[in-house]
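The values are calculated or read from the model by the stated rules, or taken from the named source; none is laboratory data. Remember, predicted model here, so these are calculated numbers, not experimental data. Positions of Cβ are backbone-derived with ideal geometry, glycine not excepted, and every protein chain shown enters the neighbour counts. The protein model used for the area step is the full one, side chains on, heavy atoms only, and it has no ligands, DNA or RNA in it. Shrake-Rupley method; radii C 1.70, N 1.55, O 1.52, S 1.80 Å.
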Amino acid sequence: MKLFFYKTYLVLILLLCFFAIQTSVSQIKTDNQNPTVFIQNITPEKIEDNIEKILKNLTLEEKVAMCHAQSKFSTKGVPRLGIPEIWMSDGPHGVRAEISWDSWDYAGWTNDSITAFPALTCLAASFNPELSSQYGFSLGEEARYRKKDVLLGPGVNIYRTPMNGRNFEYMGEDPFLASTMVVPYIKGIQKNGVAACVKHFVLNNQEHWRDIINVEISDRALYEIYLPAFKAAVKEAGVWSLMGSYNKVRGQYACHNEMLNKILKTDWGFDGVVISDWSGAHTTRESALYGLDLEMGTGTDGLGTTTENHYQYYYLANPFLEALKKSEISESVVDDKVRRILRLMYRTNMNPNRPFGRMNNREHHDVARKIGVEGIVLLKNENNFFPIKDEKNITIAIIGENATRSMTAGGGSSELKPKFEVSPLEGLKQRYKNATLIHTMGYESGPSAYDKVISGKLNADSLKVKAVEFAKKADIVLFVGGLTKSHHQDSEGDDRLQYELPFGQVELLSEIQKVNKNIGMLLVTGNAVDMSWSGKVKGILQTWYLGSIAGHAIADVVSGDVNPSGKLPFSFPKKLEDNAAHSFGKLSYPGDGVNQYYKEDIFVGYRWHDTKKIAAQYAFGYGLSYTNFSLSNIKTDKNYYSENDLITISCDVNNTGSIDGAEVVQVYVGKPKSKVKRALKELKGFKKVHVNKEQSSSVSIKIPVSSLTFYDETISDWNLEKGEYIVYVGNTSNNISKKINITID
Ligand code: GLC
């Protein structure tokens, strides 16, 4: 009898084993038959479960392979499980032309010409968050169509010095403006199932020595000036990736830095991927333990004598694998990186519901043009020099290399290969059908020498002679000058060498002015320049780098088809020494080659000019219009507020002129008699409002009292100081229509 039970028991056990193997085999079989098992009918809550499931399926080698590049702009997926590669592309103003697998050379594709949108400085100058949303969505559509999963932008490094080569890629000197404008841009991109990658985190405020300089800075300046735009990108826009910067912060490289673990991932709860700048990683241990998730562009170009490419020598490649195998680094470290990478994938290339994108379509061109015309800033307009009518009997001489120079090329990683690029000259020619337009280059930008920059190959004199001759026979001169996007100009890799306009432009202006006083300057730059020549011209338009539709946007404003409404997102100091960073010697800028000290602390830009009473040539938030606006009926809803209140500022914007236009109401707040040093006032709210001629429009701006906190280093936290504040309401940081005293109790 006993034997019978044993036999039955044994058969049962064998049967159970058989079915267990059968199901797991069938499971693998279904997996094999249905490799996209990780992608189908995924709901957000299921994403985390699936990520855990995938993690259990991955070998250590596969996990490590996902944490570093496999080529210049891509990372390995897991072919065995149907997990795709991630493909990235620059940049903030458009999708960069395809780069080769292993080198910085362009791949020579013929299907990668795109729409070049205006530089982000122009977007910031529009002071129009709605346009930022359209910008991001359109750019995201183009990135999606080009099959890019990560777009390496926007850049939001604060404008600390006019010498920084990359200011044109960023959103100006004020953290509130940058924070407000970056959020809709990121949301717009990510609506396409493409990850934005906010950069460069953090304190990459110059290009000189960018990959070695160590920035020393107070917590207060770090939190109040340099972090806010990144915090808004994470907490308000939900950005899916972020790029560390090349420089060091407090002795540690920014691409693997305690700030990534503490501030970004713990305090702010960032659940996305930290990507290194290209070759911004420096050791395996630091990369592994200090917040870097995805190592790109390290040293090697992937080419070598062996067929095995060098990507396996990256810090987060073989050395990382070895350290994990020896348990020198816990496997939980690589798991966290892979979780973040997979989460980015479920939001992008493993999201079956994402749209397919579009490219070079009419809507994108219209968005680019709208941003261009709303970002152009009218700096001077003596005797209503602008707009210029298109009349039969007038001759307009268009002089300057920037009238025809391509400005989508150059500048570094943000350079683009547009389907087309309308130059200022072309745009003006198409718009002015009746007037006679004549053009000559006037000057040539040649190589930028290390002192006063000289003209290049062509004979500067013959260029000048011809320019003066053309000016003599014209009724109006439009001088299209500024900077270029070549080395030591507005470009990545190094800073400018001089504040003044280069290539003999100022001398040329003087010569022209002797024969024709009717000069308008179209300033094509992404930075402030010395404007001591401004008295020589009657009108000045700051026209930025406007991308594909540059010429049309410029012609729209020059002709008066559109009334300019841009406001400066950074100050134009009269002279370089008036700028805060340049007021504390070499150690403040550019540093001593090892360290650099942000001695101006929180007093960046207009905060410096206002507080030190140093008048700027043109102030932050400044911009004229072809019509006249006045603000009236300015008031706050109360005089006493508690910390959870919203301060409501209202006013009427009156268009007292004869042309429709738009004005930007700006609200600054300051605290006199504070227990800590403070700027006189800081931007805490703004609103752009379109008002037709002879009309008025009422505006209401709400400011949370909590946004008036200062970063208190004694408690390492934000602190709301009670007492009296002043609310400044105006249309420029130095043109305040009314000051209102309020009390926070
Ligand atoms: C560059 C830039 C960064 C860019 C990256 C890839 O060095 O600093 O903005 O996205 O490398 O080109």
Note: probe point = Cα of E236 + 7 Å toward Cβ; backbone nitrogen < 12 Å; residues of the stretch 183-203 passing the test are 183-187
Checked the stretch 324-381 against the a/c 1.5 cut and the a/b vs b/c comparison, axes a ≥ b ≥ c from its Cα gyration tensor; verdict oblate
The answer for the net charge of residues other than I726 whose Cβ lies under 10 angstrom from its Cβ, with Lys and Arg +1 and Asp and Glu -1, is +2
Expected vector for the stretch 180-196, Karplus 3J(HN,Hα) from phi with 6.51, -1.76, 1.60 and θ = phi - 60°, integer Hz, x for Gly and Pro, equals 5, 7, 7, 5, x, 4, 5, 4, x, 4, 6, 5, 8, x, 10, 7, 7
Once R80 and N353 are pulled to full extension, the length gained, defined as 0.36 nm per residue separation minus their Cα-Cα distance, is 96.0 nm
Rounded to 0.05, the calculated FRET efficiency for the beta carbons of W718 and E48 at R₀ = 22 Å is 0.10
Pseudo-spin-label distance S332 to K147, built 7 Å along Cα→Cβ, given in nm, is 4.0 nm
Cα convex hull volume per residue for the chain, in Å³, equals 195 Å³
Note to self, the chain gives a 222 nm [θ] from helices alone (DSSP H runs n ≥ 4, -39500 (n - 2.57) apiece, / all residues, nearest 500) of -8000 deg cm²/dmol
Percent antiparallel among DSSP beta bridges confined to the chain, rounded to 5, stands at 55 percent
If amide H atoms are modeled at 1.01 Å from N in the peptide plane, then the residues at a separation of 5 or more from K684, or on another chain, having amide H under 5 Å from its own are V667, Y668, V669
Computed over the chain: longest principal axis from alpha-carbon atoms vs helix 129-145 long axis, angle to nearest 10 degrees, is 50 degrees
To the nearest 0.05, the calculated FRET efficiency linking V676 and K575 through their beta-carbon distance, R0 being 45 Å, is 0.90
Length gained, F420-S218, 0.36 nm per residue minus C-alpha separation, equals 68.1 nm
Between I83 and residues 5 or more places away or on another chain, the pairs with built amide H atoms under 5 Å apart involve V78
Placing each pseudo-label 7 Å from Cα in the direction of the beta carbon, S698 and N383 end up separated by a distance in nanometres of 4.2 nm
Taking a label point 7 Å from the Cα of V515 along Cα-to-Cβ, the residues of the stretch 473-491 whose backbone nitrogen sits under 15 Å from it are 473-479
In Å², rounded to a whole number, the accessible area per residue of the stretch 146-247 with probe 1.4 Å is 17 Å²
HN-Hα couplings for the stretch 236-242 via Karplus (6.51, -1.76, 1.60; θ = phi - 60°), in whole Hz with x for Gly/Pro, come out as 9, 9, x, 4, 8, 8, 8
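Tally Lys/Arg at +1 and Asp/Glu at -1 over every other residue whose Cβ is under 10 Å from the Cβ of L292; what's the total?
Details: positive: K337; negative: E286, D293, E295.
My count for the surroundings of L292 gives -2.
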Result for the stretch 571-626: accessible area per residue, probe 1.4 angstrom, in square angstrom, of 38 Å²
Here the gain from full extension of S658 to E258, 0.36 nm per residue of separation minus their alpha-carbon distance, amounts to 138.3 nm
With the label point 7 Å along the Cα-to-beta-carbon line of K613 and a cut-off under 17 Å to each amide N, the hits in the stretch 658-699 are 672-673, 678-681
Expressed in nanometres to one decimal, the distance between label points 7 Å along Cα→Cβ at K638 and R285 is 5.5 nm
Expressed as a percent, the accessible surface of the stretch 177-329 that is carbon or sulfur, using a 1.4 Å probe and the full set of protein chains, is 49 percent
